[in-house]
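Novice: The structure under discussion is supplied below as structure tokens; questions concerning it will follow.
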Amino acid sequence: AEALKRSLEARGHTVLLCDEPNSTDLLKTITNAIMACEVVVVLGTATYGLETDSLFSTYQELAFTLNEHRPFFIIRMCDEFQVVTTRFLLSNLLQYEPWQ
């Protein structure tokens, strides 16, 4: 994540790499960043899109990104998303080239 951030910043892009603990500020920080950015870049782990007991999770992040019709690019960091709703929501939207 840090290497991607450095690479994008070196090319003149502003990057939010969110590593804040869960809080109300996290919700505000991420939703504002999603609305302000040119493209949402997601490092999608196997549990991406999992709804948790916290105020804000990747479940809400994914739903907000899709509901607001924000352009996004997912770097899928797993063979398959474990969360069924994530697979359902992204199945027809993703085009990809397997890393070799």
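The values are calculated or read from the model by the stated rules, or taken from the named source; none is laboratory data. All of these numbers come straight from a predicted model, not from anything done at the bench. No Cβ is skipped: glycine too gets one built from the backbone with ideal geometry, and neighbour counts run over all protein chains shown. Remember, those area values only see protein heavy atoms, side chains included, never the ligands or the DNA or RNA. Shrake-Rupley method; radii C 1.70, N 1.55, O 1.52, S 1.80 Å.
Novice: How many of the residues in the range 69-79 are of a type in the set (A, V, I, L, M, F, W, C) and open to solvent by 90 Å² or more (accessible area, probe 1.4 Å)?
Specialist: The number of residues fulfilling the criteria is 2.
Novice: Here is a follow-up. For the range 17-24, indicate whether the set of residues that are hydrophobic (A, V, I, L, M, F, W, C), touching a residue at least 40 places away in the same chain (Cβ under 8 Å) and part of a loop (DSSP other than H, G, I, E, B) is non-empty.
Specialist: Scanning the range 17-24 turns up no residue that is hydrophobic (A, V, I, L, M, F, W, C), touching a residue at least 40 places away in the same chain (Cβ under 8 Å) and part of a loop (DSSP other than H, G, I, E, B).
Novice: May I pose another question? In the range 3-38, which residues are more than 16 Å from Arg70 (Cβ to Cβ), modelled with pLDDT of 90 or more and among the acidic types (Asp, Glu)?
Specialist: Across the range 3-38, the qualifying residue is only Glu9.
Novice: For the subset of the range 37-59 comprising residues that are aromatic (Phe, Trp, Tyr) and either within 18 Å of Leu89 (Cα to Cα) or in a strand (DSSP E or B) (or both), which member is most open to solvent (accessible area, probe 1.4 Å)?
Specialist: Tyr59
Novice: Being open to solvent by less than 60 Å² (accessible area, probe 1.4 Å) and in contact with a Gly (Cβ under 9 Å, 6 or more places away or on another chain) narrows it down to one of Leu66, Leu62, so name that one.
Specialist: Answer to the selection: Leu62.
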